[in-house]
Ligand SMILES: [Zn+2]
């Protein structure tokens, strides 16, 4: 207990060998922004892409899980796409109000970030968030941040997903396929439960590991960042040529590993990153087709996964 990390057993449903919790953080990411600001005011083209992801999932009887930055739910903003996502049976939860890290020192800021997001979800969508995705991801999660854990619990969350530990290089990233065996779920001393991000994020993969031309990325960001991308656009100009093939290969290998070792795998992706790097939506169908060929593999949401954890 003193380490703020009590392991929790994941009990998958009867007959399920492996569960893949597919989550998408709906950021207009700062790394793509001309002004360097990350926010939740989703551009129309990205709303369409999110609904396309939902349609792909529905073809496979799968529900997706979106974590929304809730400043995109202010009264001036259109939330019809989020209402549609909920109505179509997918899960939606909080990614804070304005993408502040959960391990922030100022607890008043943290409380505002969570409370205002909850208010907007209730007012605009009649929706209650129960699982919280932490912006950015932190090595060690919230261990040693007891007061932050308390603020999160007091805002109605029992589950948080914010730990992210991967430190890989372009030469070593395939070693990260064993993440689901190492980044396991646990309870903090406060009783808050952590479901870590268990594989490389798409942002980390495409925009760091596969980046071979930082100047091209900077130029793209100034010209096209947070703006509608032209139809028929070529691949993002800063990644190596085969980045998307490698991303799909990495994720299928992680799925194989999780299946072999009978694990829960929590993946954290971003619709915007996939719009930029996978405009024709190849990754999600590839993973869902892999899963649908195996009748003991389920693709689920993080809310589903939370139900399979022993109570802390
Ligand atoms: Zn985020």
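Within region 273-312, being in a helix (DSSP H, G or I) and in contact with a strand residue (DSSP E or B) (Cβ under 6 Å, 6 or more places away or on another chain) holds for 291, 302, 303, 305, 306.
Identify, please: which residue in region 85-100 is in a helix (DSSP H, G or I) and touching a helix residue (DSSP H, G or I) at 6+ places or on another chain (Cβ under 7 Å) and is, among those, surrounded by the most Cβ atoms within 10 Å (Cβ to Cβ)? In this case the residue turns out to be 85. Filtered by the rule that a residue be farther than 15 Å from residue 266 by Cα and either free of Cβ contacts under 8 Å to residues at least 12 places away in the same chain or in a loop (DSSP other than H, G, I, E, B) (or both), region 10-29 gives 13, 14, 15, 16, 26, 27, 29. Taking region 9-41 as the range and being more than 11 Å from the ligand (Cβ to nearest atom) and either at pLDDT below 95 or out of contact with any strand residue (DSSP E or B) (no Cβ under 7 Å at 6 or more places or on another chain) (or both) as the test, the residues that pass are 9, 11, 13, 14, 15, 32, 33, 34, 35, 36, 37, 41.
Does residue 150 satisfy the condition of being more than 16 Å from the ligand (Cβ to nearest atom) and farther than 26 Å from residue 264 by Cβ? Considered against the rule, which asks whether it is more than 16 Å from the ligand (Cβ to nearest atom) and farther than 26 Å from residue 264 by Cβ, residue 150 comes out as yes. Applying the condition of being free of Cβ contacts under 8 Å to residues at least 60 places away in the same chain, within 15 Å of the ligand (Cβ to nearest atom) and assigned to a loop (DSSP other than H, G, I, E, B) to region 101-145 and asking which residue is nearest to residue 84 (Cα to Cα) yields 129. Can you run down the residue pairs with Cβ atoms below 9 Å, 6 or more apart or on separate chains, where the first is in region 180-191 and at pLDDT below 95 and the partner is in a helix (DSSP H, G or I)? Cβ pairs passing all conditions: none. Taking every residue in region 49-77 that is touching a residue at least 24 places away in the same chain (Cβ under 8 Å) and within 22 Å of residue 136 (Cβ to Cβ) and pairing it with any residue that is in a helix (DSSP H, G or I) and within 16 Å of the ligand (Cβ to nearest atom), at least 6 positions away or on another chain, the pairs with Cβ-Cβ distances below 6 Å are 50/271; 65/302; 70/117.
The values are calculated or read from the model by the stated rules, or taken from the named source; none is laboratory data. Just so you know, these numbers come straight off a predicted model, no measurement behind them. Methodologically, a virtual Cβ is constructed for each residue, glycine included, from the backbone with ideal geometry; neighbour enumeration extends over all protein chains shown.
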